[in-house]
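No lab work stands behind these numbers, since they all come straight from the coordinates. All of these numbers come straight from a predicted model, not from anything done at the bench. Cβ placement follows ideal geometry from the backbone for every residue including glycine, while neighbour counts extend to all protein chains displayed.
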Amino acid sequence: MELNTFLRLTDIGIVKHLFIYFIILAAIIFGLVVFFVIFYSIKYRASKVSGTPEQNHGNRKFEIFITATAVCVTAFFLVLTLHAMQEIQTIPENPVPDIEITGHQWWEAKYPDGNVITANEIHIPVGKKMMLQLTSGDVIHSWWVPALGRKMDMIPGITNHMWFTASEPGEYLGSCSEFCGMQHARMRIRVIAQSQTDFDNWKAEQLKSAIAPSTEKAIMGKQLFEQKTCASCHNIAGANGRIGPDLTHFASRKWFLSDFKRNTIENLHDWLKDPQQIKKGVKMPDFILSDKELDALVAYIHSLK
Amino acid sequence: MKDKGKLLVLVLISSEAFFFIALIVAYVYYRNFTNATDTVSANLDALRSGIFTLLLIASSFTLLWGKKALAKNRWKTFKIAMGTTILLGLIFMVGQITEYIGLYNKQLTLKSDVFGSSFFTLTGFHGFM
Amino acid sequence: MSLFLDIPETEEQIPDLKTDRGRLGWMSSVDHKQIGIMYLWLALFFFLVGGLEAMIIRAQLSVPNNDLISPEAYNQIFTMHGTTMIFLVLMPALIGLGTYLLPLMIGANEMAFPRLNAFSFWMTCLGGLLLYFSFFTGGAPAAGWFNYAPLSEQNYSSTLGVDYYTVGLILTGMGSIGAALNFVTTTLTLRSPQMKLTMLPLFVWMLFVNAFLILAAFPLLNAGLFMMLIDRQFDAHFFIPSSGGSAILWQHFFWSFGHPEVYILILPAFGIISEVIPVFSRKPIFGYTFVAASTVAIALLAFGVWIHHMFAVGMTNTVNGFFAASSMLIGIPTGIKVINWIGTMYRGSIRFTVAMMFCLSFLIDFTVGGLSGASFALVPIDWQLTDTYYVVAHIHYVFLGGTAFAIFAGTYYWFPKIAGRYLSEKWGKWHLFLFVIGFNLTFLLQHILGIIGMPRRIYTYPVLPGWGTLNMLSSIGAVFMFAGVAFFLWNLYTTLKRPRTATDNPWEAWTLEWATSSPPVLQNFDKLPPVHSRRPLWDLKHPENPDKKLN
């Protein structure tokens with residue numbers, strides 16, 4: 001609706017307005033129902049009414065009037081709804097996505113412009129309308145960050161598109177919104193909206209190849225990473241593992257395990273020691289690592305900024 | 001409608017029609033709304049199936065003939081009509097079984113692809129019901 | 001052996017459970033009254049099971065990051081809770097009341113097909129048994145009550161749970177179809193010759209229209225379930241995207257059943273309300289024709305709205321827009337009914353029995369449910385709130401605040417007729433107040449939880465502002481409901497021990513079931529009063545002011 005464009009409402013603003021119109025109508029209807037149920041209960045209670053009441057069978061005119069009013073109100077809301085849908089969900093003929101997100105039991109995110117591949121922590125620049133492309137690599141998931149845009153299902157075999165905008169910088173939380181397996185509850189989303197400069201810097205950092213390990217422990221960790229076949233599932237710029245999240249810049253992320261645990265050395269250590277204990281049902285096997293191996297791997301992975 | 005038995009069968013068949021509509025929709029969906037190529041229809045012989053179908057339909061007429069004969073106590077006619085009905089039914093089944101065998105020999109099975117899945121499910125249930 | 005069943009002698013009583021022959025008599029019964037009672041006991045049993053599942057869910061969710069039960073257990077429990085409540089509680093309860101009352105309300109002595117009637121009941125039992133047997137075979141189904149593919153396919157759900165789900169629901173579905181066949185044929189062929197279709201009590205009318213919904217919708221579910229079973233057990237590819245199938249197709253099949261199903265669950269409830277409110281307002285229903293006609297409108301529209309369960313799937317604005325329009329329209333006939341029920345109270349003489357008070361609670365709480373449902377028709381709102389606790393709030397307001405309250409109202413209202421005794425009004429009030437207050441406490445707040453971002457079907461949640469408090473309050477409400485149900489059970493137990501003292505028509509009601517003893521003898525009616533309007537017993541009692549003659 002021209003009104004929405006005139007007011008320069010964001011997608012979320014449009015939905016909020018629509019919801020407010022709805023709440024007003026709902027409050028009126030609900031208020032009337034509650035009022036009349038209570039009022040009639042009190043006014044016409046049997047102890048106050050003598051004898052048998054008049055056997056009124058109905059009022060056709062009244063009913064037709066109510067039906068007609070309801071149809072008009074419905075038409076009004078239909079027009080509002082259709083306009084809002086157009087505003088929010090108009091995807092160009094050949095969409096060029098800014099981010100391609102694929103759902104697994106974790107989030108895979110690819111930025112085609114520049115070929116950045118990351119996992120779980122999504123960065124976007126503030127003030128820009130981003131186009132997301134959504135699909136799934138296993139079961140149906142659904143992308144939802146309430147403050148930034150609509151919910152959209154991620155279905156294997158189908159590619160969906162939606163718009164996504166952050167007007168203020170900050171961290172925005174969301175969650176997978178279609179039951180996807182044992183740990184659906186722990187498949188959460190964190191979107192970090194930054195100024196264009198900061199975003200460009202982040203992107204440039206992500207494009208750099210993995211930092212070579214410098215400490216002795218970290219070097220040992222890198223060797224273990226290759227020996228223990230971690231690379232067959234996880235990519236660290238070069239290897240082709242795509243089953244698990246890309247770890248090239250793992251240490252630059254604040255949370256891990258789909259926004260479940262803070263990315264600290266202790267948490268990473270506990271995770272590698274016994275993944276099923278931390279997040280039961282994940283695909284990551286327990287490699288039964290010795291304490292020394294654990295320390296080395298943690299040192300390596302935590303150096304990957 | 002006063003005959004509750006007839007009404008029951010009519011309503012039951014209408015209800016079952018919805019079951020088959022759903023199975024047909026599955027097949028139509030794969031054909032028209034996915035990129036898959038219909039492997040089954042390319043291998044079906046419409047003429048052959050059509051002839052067997054006509055024989056099956058004929059058997060319902062012979063059944064009706066038998067029913068009318070029975071009502072008039074024409075025992076011999078009834079036996080001929082029922083025999084013909086059963087024979088026609090058996091011919092149809094043989095035709096159906098050989099059709100299935102033919103498709104299986106071409107590697108078109110329930111598990112070959114979506115068209116195999118939907119074809120065998122649809123025709124199988126139809127036969128079963 | 002004769003193909004025809006004997007009509008029992010007038011005076012022959014329902015068999016006594018205390019004797020072996022009596023017990024066998026119940027198990028082999030084809031009498032619609034006994035079958036109706038068995039359906040109700042089945043529903044009560046599974047209500048307690050489903051309720052315990054709900055208590056476990058609320059206990060787990062009462063605090064953030066809780067580990068009371070494992071995610072695997074939780075996912076099975078929430079799946080079973082939904083499946084149980086819908087297919088093993090609400091359906092059997094409504095079908096049970098219908099099976100008991102429909103012949104009585106139309107002046108018939110039996111259902112049209114008594115053996116089909118018994119078959120339907122026992123299929124429902126078997127389906128329930130199989131569904132729960134899954135717990136012993138490695139795990140109950142854990143993919144949610146709507147069982148989306150490909151999560152529910154063999155590679156992601158490798159226990160037999162989903163297989164038992166499909167088979168169990170196919171069987172209960174066949175039971176429902178059998179019951180519906182009986183409702184249609186009985187209403188059309190066995191009603192009192194004087195009773196025209198326009199004179200049907202509204203409960204009967206709703207059951208009749210509802211039966212057509214069942215007959216059209218359940219086969220769609222069965223087709224989908226068979227395809228899912230064939231996928232899982234015979235390696236077919238119906239719903240597996242990676243081998244050419246379509247995950248969305250499952251959703252289409254499921255919801256083209258699922259949406260009519262929710263109307264199947266509410267129409268008989270509307271029927272109960274339409275019987276109880278007039279009696280306890282001492283006035284006929286306001287606008288019978290509109291209530292009856294709006295029912296048909298709902299039934300027709302019910303098949304044209306299912307995409308509103310799939311607005312977030314990513315279909316075009318054209319498709320979504322069409323279904324937004326149909327979904328908004330379907331709210332109108334429902335709203336008309338609420339106005340008619342309130343209009344019945346207008347200038348009436350209202351008796352506050354427990355049955356009536358459940359109706360009043362229904363009016364208010366069902367309206368909340370109906371309104372939250374209508375908000376989903378406004379598609380962009382759905383794009384925010386679908387799959388959140390706002391939906392959970394909505395469904396419980398319509399299923400519990402709607403259907404379940406109506407079933408409770410019907411139970412208190414018809415208990416004297418069915419069991420020959422009156423449920424205690426005193427214990428009934430404890431049941432009502434605890435349950436209604438608990439219910440609103442639990443579910444009203446869940447609207448807010450959905451709006452602030454809590455998705456559904458999660459076994460736990462992180463520490464976020466408001467989530468912990470709202471969830472804790474919601475769980476406390478569940479405790480109140482538990483207490484309310486305990487009072488209801490106590491009421492049932494103490495009442496059933498008393499002798500049968502109920503009169504034929506204790507509430508001064510007007511439909512034919514009240515024209516025979518409480519409970520009726522096996523043959524139902526000895527003789528019928530004349531039927532010239534919708535309220536034959538009113539006409540009999542008020543010859544100076546009868547209802548308009550309709551035949």
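Below, the figures for the structure above:
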read-out: Partner chain coverage, peptide B:103-111 - average Cβ within 10 angstrom; value: 2
read-out: Region C:446-551: trypsin sites (Lys or Arg not before Pro) in DSSP loop, at most 15 other beta carbons within 10 Å; value: C:LYS497, C:ARG500, C:LYS527, C:LYS548, C:LYS549
read-out: Per residue, the convex hull volume that the Cα atoms of region C:152-207 enclose (Å³); value: 85
read-out: Simple Cβ-charge dipole of region C:28-541, Lys/Arg +1 and Asp/Glu -1, about Cα centre, in debye nearest 20; value: 1660
read-out: Rounded tilt (10° steps) of C:247-281 against the dominant C-alpha axis of chain C; value: 30
read-out: Under 20 Å from the Cα of B:LYS6 - lysines, other chains or at least 8 residues apart; value: B:LYS67, B:LYS68
read-out: Table column - 3J(HN,Hα) (Hz), region A:93-103, Karplus curve with 6.51, -1.76, 1.60, x for Gly and Pro; value: 3, 10, x, 10, x, 7, 9, 10, 10, 10, x
read-out: Length released on extending from C:SER28 to C:GLU12, taking residue separation times 0.36 nm less the Cα-Cα span; value: 4.1 nm
read-out: Positive-end extreme of charge dipole, chain A - chosen from A:ASN160, A:TRP106, A:PHE19 (charges on Cβ); value: A:PHE19
read-out: The protein assembly as shown - share of DSSP beta bridges that are antiparallel (%, nearest 5); value: 70
read-out: Cα convex hull of the protein assembly as shown - mean projected area over all directions, nm²; value: 45.8
read-out: Over region C:110-216: Rg over Rh, Cα atoms, Kirkwood Rh; value: 1.16
read-out: Rough spin-label spacing in nm, given labels placed 7 Å along Cα→Cβ, for B:ASP45 and A:HIS269; value: 7.5
read-out: Compactness index (Cα Rg / 2.2 N^0.38 Å), region A:1-91; value: 1.68
read-out: 10 Å-binned pair-distance histogram of chain A (Cα, whole percent); value: 5, 21, 25, 17, 11, 9, 6, 4, 2, 0
read-out: Estimated distance in nm for a label pair at A:GLU54 and A:GLN86, the labels positioned 7 Å out from Cα along Cα-to-Cβ; value: 5.0
read-out: Taking N as its residue count, the alpha carbon Rg of region A:99-207 over 2.2 N^0.38 Å; value: 1.00
read-out: Cα-based Rg of region C:28-541 normalised by 2.2 N^0.38 Å, two decimals; value: 0.95
read-out: Neighbour net charge for C:HIS237 - beta-carbon separation under 12 angstrom, K R +1, D E -1; value: -2
read-out: Positive-pole candidate from C:PRO333, C:PHE433, C:TRP205, dipole of chain C, charges at beta carbon; value: C:PHE433
read-out: Reciprocal mean inverse distance between Cα atoms of chain B - Kirkwood radius, Å; value: 17.2
read-out: Förster radius 41 Å - calculated FRET efficiency between B:ILE91 and B:THR37 (Cβ-Cβ, nearest 0.05); value: 0.80
read-out: Proxy reagent accessibility, fewest Cβ within 10 Å first, across A:HIS141, A:HIS249; value: A:HIS249, A:HIS141
read-out: Shielding score for C:245-254, defined as the mean number of other chain Cβ atoms within 10 Å; value: 6
read-out: Dipole axis of chain A (+1 Lys, Arg; -1 Asp, Glu on Cβ), positive-most option in A:PRO169, A:PHE35, A:VAL298; value: A:PHE35
read-out: Spread of Cα-to-Cα distances over 10 Å intervals beginning at zero, given as percent, for region A:216-301; value: 17, 55, 28, 0
read-out: Over 21 Å (Cα to Cα) - which of A:LYS128/A:LYS151; A:LYS151/A:LYS208; A:LYS16/A:LYS151; C:LYS33/C:LYS527; C:LYS196/C:LYS548; B:LYS4/C:LYS548 fall in this group; value: A:LYS151/A:LYS208; B:LYS4/C:LYS548
read-out: Fewest-first sequence of A:ILE122, A:ILE189 by Cβ atoms within 10 Å of each Cβ; value: A:ILE189, A:ILE122
read-out: Partners for A:LYS261 among lysines (Cα-Cα distance below 21 Å; same-chain residues under 8 apart left out); value: A:LYS273, A:LYS279, A:LYS280, A:LYS283, A:LYS305
read-out: Beta bridges per DSSP with both ends in chain A, % antiparallel, nearest 5; value: 70
read-out: For region B:4-128, size of Cβ-based charge dipole, Lys and Arg +1, Asp and Glu -1, in debye; value: 900
read-out: Helix-only [θ]222 nm of the protein assembly as shown, DSSP H runs n ≥ 4, -39500 (n - 2.57) each, per residue, nearest 500; value: -19500 deg cm²/dmol
read-out: C-alpha long axis of helix A:11-43 to longest principal axis of chain A, angle in °; value: 40
read-out: Sequence ranges C:319-332, B:79-92, ranked by mean other-Cβ count within 10 angstrom, highest first; value: C:319-332, B:79-92
read-out: Rough spin-label spacing in nm, given labels placed 7 Å along Cα→Cβ, for A:LYS43 and B:ASN105; value: 8.4
read-out: For A:ARG150, C:ARG421, B:ARG48, order by how many other beta-carbon atoms lie within 10 Å, fewest first; value: B:ARG48, C:ARG421, A:ARG150
read-out: Shielding by partners, peptide A:62-69 (average Cβ within 10 angstrom, other chains); value: 4
